[in-house]
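Q: Please find one structure pasted underneath; my questions will follow.
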Amino acid sequence: MEKQLTYIHQLKNRISVEVDLSGWVYNVRSSGSLVFIECRDGSGICQCVVNKEEVSEESWEAAVSLKQESSIRLHGLVVADERSIGGVELQVQSVEILQLVTEYPITPKEHGIEFLMNRRHLWLRSQRQWAAMRVRNGIIFAIHNFFQSRGFIQTDTPIFTPNAAEGSTTLFETDYFDEKVYLAQTGQLYGEALAMAHGLIYTFGPTFRAEKSKTRRHLSEFWMIEPEMAFYDLEMNMDLAEDMLKSIVADVLMNYSHELELLERDISSLQRLIEKDFARIQYNDAVDILTSEKTSRLLDELIQQRVSEKEELIKELGTIQKEHSSAKKWRKKQIENLIVDINMRVDQAEEDLRNIPKWKKSAQEFTWGSDFGGSDETVLTMQYDVPVMITHWPAEIKAFYMKRDVTNTYALGVDILAPEGYGEIVGGSQREDNLEVILARIQQEGLDPKVFDWYIDLRRFGSVPHSGFGLGLERTVAWICGLKHVRETIAFPRMMGRITP
Ligand code: 4AD
Ligand code: MG
């Protein structure tokens with residue numbers, strides 16, 4: 001028979017059963033004749049109690065020698081325990097050490113972000129990082145579920161490409177048997193060809209952008225999901241995107257509540273958007289909102305809010321610092337953690353106080369015809385508690401393949417901005433399907449018609465109205481997990497200034 005391992009997430013169904021657990025020491029402390037091991041095995045964490053009276057001398061010696069991230073094998077009895085994580089506890093009968101670790105570099109104390117990013121290969125074991133990767137997995141699965149259940153097929157498009165599709169300034173160039181080629185910025189153009197063969201398709205693959213911007217939203221390698229639908233207009237495209245996002249959020253809320261809790265995600269805003277219609281506005285409305293009196297007042301209020309928040313925090317800090325000197329040992333530890341936490345919140349308030357005036361200036365001075373910057377997106381989404389879909393963009397700032405409205409001024413594109421300041425997670429459009437127009441657009445953009453000849457064929461042979469969009473996976477993970485920066489949404493981020501580990 002196949003040898004089966006027992007995993008921690010199964011233990012609630014193994015009460016009163018003796019099991020073997022294999023894992024790593026997440027945390028360990030001892031108290032007299034007891035050693036408490038928090039063991040993690042990838043599926044979860046379980047408190048494992050070693051009682052000196054109940055194990056061999058060998059096992060006891062092993063238990064007391066354990067340090068963080070030592071690899072171990074335990075044998076013991078599963079008992080129900082309301083107070084423990086996961087509602088169970090292991091009463092250990094034997095302890096075997098696979099490798100004793102003495103100096104694990106990441107301790108429970110606070111580390112700076114650069115320190116942690118340089119040790120990303122180890123940092124991934126920490127609870128919050130573990131939770132984020134699990135939610136990412138849940139989002140990926142939900143996306144496949146959504147499209148597969150609607151008759152879409154997944155198709156894969158090339159990564160080596162001979163041409164730009166999303167602007168020539170963000171191309172990664174590489175050598176392909178002495179020919180200059182680029183890493184794919186998008187799979188869309190190939191997706192369009194596949195949609196003409198299959199009707200409904202989606203791609204799910206890595207995409208590359210040499211964006212020279214170090215922001216919390218930009219990676220140079222990220223994963224994009226790009227559905228493409230024959231016979232869909234812009235509105236059907238938007239309806240699909242809205243249904244998809246609701247479906248992803250609903251699945252994650254149902255299956256990953258424990259992970260969201262570990263991430264301290266306030267899920268009320270996610271719950272709300274499943275029930276409500278997304279906001280749909282045009283570019284012109286968005287510009288009006290940005291430059292309005294109301295937005296200016298809103299930002300002033302936000303500044304006031306942060307000022308009083310900061311004052312409150314500093315008061316709180318004073319109070320507990322006074323308590324610290326006379327506190328008992330266990331309380332001292334608690335207070336020290338609190339101080340770290342409050343200081344972090346003060347830093348955040350200060351950062352906001354530096355930023356919000358800049359956001360205000362950028363919003364007020366926004367000129368028609370430009371693209372929204374990161375802070376403009378934040379300011380726009382602040383006004384809604386659901387995602388905002390912005391359509392009808394000045395054609396000049398959008399890609400050559402987007403269809404234009406009857407006035408020829410606006411591109412039938414749609415950006416979806418996630419709420420709570422997360423900004424653009426989806427970019428899509430109805431595609432230009434007219435042969436003469438697409439030829440003219442390619443020429444106007446100074447693109448080489450020869451490399452696009454196959455793409456133009458799609459307008460020569462059975463052209464139909466069609467639409468699609470691209471969902472950025474990492475930005476979606478950041479939003480759903482409530483993470484501030486995309487660097488924590490992918491196992492090994494690639495972004496400007498970082499290629500290791
Ligand atoms: O808006 P974008 O550039 O659209 C396209 O590439 C279209 N071809 C998609 C389509 O219609 N099939 O990119 C789509 C999404 C963005 O909304 C964003 O979520 C993500 O991809 N994205 C990035 N994510 C992380 N880092 C970057 N540098 C990103 N650039 C785009
Ligand atoms: Mg975009």
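Q: Determine which member of the set Phe152, Phe204 is surrounded by 15 or more Cβ atoms within 10 Å (Cβ to Cβ), more than 16 Å from ligand 2 (Cβ to nearest atom), under 18 Å from the mean Cα position of the chain (by Cα) and of a type in the set (Phe, Trp, Tyr).
A: On the way: Phe152 fails: under 18 Å from the mean Cα position of the chain (by Cα).
After applying the criteria, what remains is Phe204.
Q: I would also like to ask the following. Looking only at the stretch 443-501, which residues are away from ligand 2 (no atom under 16 Å from the Cβ) and among the polar types (S, T, N, Q)?
A: Within the stretch 443-501, Gln443, Gln444, Ser463, Thr489, Thr500 qualify.
Q: Same structure, new question: Determine the pairs where a residue that is farther than 13 Å from Gly187 by Cβ, located within the stretch 147-170, has a partner that is within 16 Å of ligand 2 (Cβ to nearest atom) and basic (Lys, Arg) with Cβ atoms under 7 Å apart, the partner being 6 or more residues away or on another chain.
A: Thr170/Arg209
Q: For a quick check of your reading of the model, give me the residue pairs whose first member lies in the stretch 417-440 and is away from ligand 2 (no atom under 16 Å from the Cβ), whose second is of a type in the set (Asp, Glu), with beta-carbon atoms closer than 7 Å and at least 6 apart or on different chains.
A: Pro419/Asp385; Ile438/Glu432
Q: Another question, if that's okay. Out of (1) outside the structural domain of Tyr202 (by TED's automatic domain parsing); (2) under 30 Å from Tyr232 (Cα atoms); (3) not small (Gly, Ala, Ser), what's the single condition that is false for Lys67?
A: (2)
Q: Still on this structure, I have one more. Is it the case, given these coordinates, that Thr174 is part of a strand (DSSP E or B) and without any contact (Cβ under 8 Å) to a residue 40 or more places away in the chain?
A: Taking the combined requirement at face value, the residue satisfies it.
Q: Something else about it: Of the residues Asn237, Asn255, Asn284, which is within 16 Å of ligand 2 (Cβ to nearest atom) and either at pLDDT 95 or above or within 18 Å of the chain's Cα centre (by Cα) (or both)?
A: Of the residues listed, the single one that is within 16 Å of ligand 2 (Cβ to nearest atom) and either at pLDDT 95 or above or within 18 Å of the chain's Cα centre (by Cα) (or both) is Asn237.
Here's the yes/no breakdown for (1) within 27 Å of Gly497 (Cβ to Cβ); (2) assigned by TED's automatic domain parsing to the domain that holds Phe452; (3) of a type in the set (S, T, N, Q):
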| site | (1), (2), (3) |
| --- | --- |
| Gln154 | no, yes, yes |
| Phe160 | yes, yes, no |
| Gly167 | yes, yes, no |
| Leu171 | yes, yes, no |
| Tyr190 | no, yes, no |
| Tyr202 | no, yes, no |
| Thr215 | yes, yes, yes |
| Pro227 | no, yes, no |
| Phe231 | no, yes, no |
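Q: Right, here's the next one. Of the conditions (1) modelled with pLDDT of 95 or more; (2) within 16 Å of ligand 1 (Cβ to nearest atom), Glu436 satisfies every one except a single condition; which number is it?
A: (2)
Q: Spot the failing condition for Gln443; the list is (1) over 22 Å from Asn237 (Cβ atoms); (2) touching a helix residue (DSSP H, G or I) at 6+ places or on another chain (Cβ under 8 Å); (3) assigned to a helix (DSSP H, G or I), and only one is missed.
A: (2)
Q: Could you please find all residues in the stretch 26-48 being out of contact with any strand residue (DSSP E or B) (no Cβ under 6 Å at 6 or more places or on another chain) and in contact (Cβ under 8 Å) with a residue 24 or more places away in the chain?
A: Selection gives Ser30, Gly42, Ser43, Gly44.
Q: Can you give me the number of residues within the stretch 51-93 that are assigned to a helix (DSSP H, G or I) and at pLDDT 95 or above? Step through it out loud before you land on a result.
A: Here is the first cut: in the stretch 51-93, the ones assigned to a helix (DSSP H, G or I) are 52-54, 57-65, 85-87.
Then drop every residue that is not at pLDDT 95 or above, which leaves 52-54, 57-65.
Qualifying residue count, the stretch 51-93: 12.
Q: Could you please find all residues in the stretch 392-413 being within 13 Å of ligand 1 (Cβ to nearest atom) and either part of a strand (DSSP E or B) or among the small types (Gly, Ala, Ser) (or both)? Before you say what the answer is, go through the steps one by one.
A: Taking the stretch 392-413 and keeping what is within 13 Å of ligand 1 (Cβ to nearest atom), we get 393, 397-403, 411-413.
Trp393, Ala399, Met402, Ala411, Leu412, Gly413, listed by residue number.
Q: Against the conditions (1) assigned to a helix (DSSP H, G or I); (2) under 30 Å from Leu447 (Cα atoms); (3) at pLDDT 95 or above, where does Thr169 fall short? Just the number, please.
A: With respect to (1) assigned to a helix (DSSP H, G or I); (2) under 30 Å from Leu447 (Cα atoms); (3) at pLDDT 95 or above, Thr169 is out only on (3).
Q: Quick check, is Phe231 at pLDDT 95 or above, touching a strand residue (DSSP E or B) at 6+ places or on another chain (Cβ under 7 Å) and surrounded by fewer than 18 Cβ atoms within 10 Å (Cβ to Cβ)?
A: On the way: at pLDDT 95 or above: yes; touching a strand residue (DSSP E or B) at 6+ places or on another chain (Cβ under 7 Å): yes; surrounded by fewer than 18 Cβ atoms within 10 Å (Cβ to Cβ): yes.
It is true that Phe231 is at pLDDT 95 or above, touching a strand residue (DSSP E or B) at 6+ places or on another chain (Cβ under 7 Å) and surrounded by fewer than 18 Cβ atoms within 10 Å (Cβ to Cβ).
Q: Are any residues in the stretch 363-380 under 13 Å from Asp288 (Cα atoms), part of a loop (DSSP other than H, G, I, E, B) and not charged (D, E, K, R), and if so, which ones? Give the derivation first.
A: Narrowing the stretch 363-380 to residues under 13 Å from Asp288 (Cα atoms): 363-369, 372, 376, 379-380.
Filter once more, keeping what is part of a loop (DSSP other than H, G, I, E, B): 365-369, 372.
Correct list: Phe366, Thr367, Trp368, Gly369, Phe372.
Q: Quickly run through the stretch 446-489 and pick out the residues that are part of a loop (DSSP other than H, G, I, E, B), more than 22 Å from the chain's Cα centre (by Cα) and surrounded by 14 or more Cβ atoms within 10 Å (Cβ to Cβ).
A: Narrowing the stretch 446-489 to residues part of a loop (DSSP other than H, G, I, E, B): 446-452, 461-465, 482-485, 489.
Filter once more, keeping what is more than 22 Å from the chain's Cα centre (by Cα): 446-452, 461-465.
Leu447, Phe452, Ser463, Val464, Pro465 - these are the residues of the stretch 446-489 that are part of a loop (DSSP other than H, G, I, E, B), more than 22 Å from the chain's Cα centre (by Cα) and surrounded by 14 or more Cβ atoms within 10 Å (Cβ to Cβ).
The values are calculated or read from the model by the stated rules, or taken from the named source; none is laboratory data. Here the structure is a predicted model, which means the values were calculated and not measured. So basically every Cβ, Gly included, is an ideal-geometry build from the backbone, and we count neighbours across all protein chains shown.
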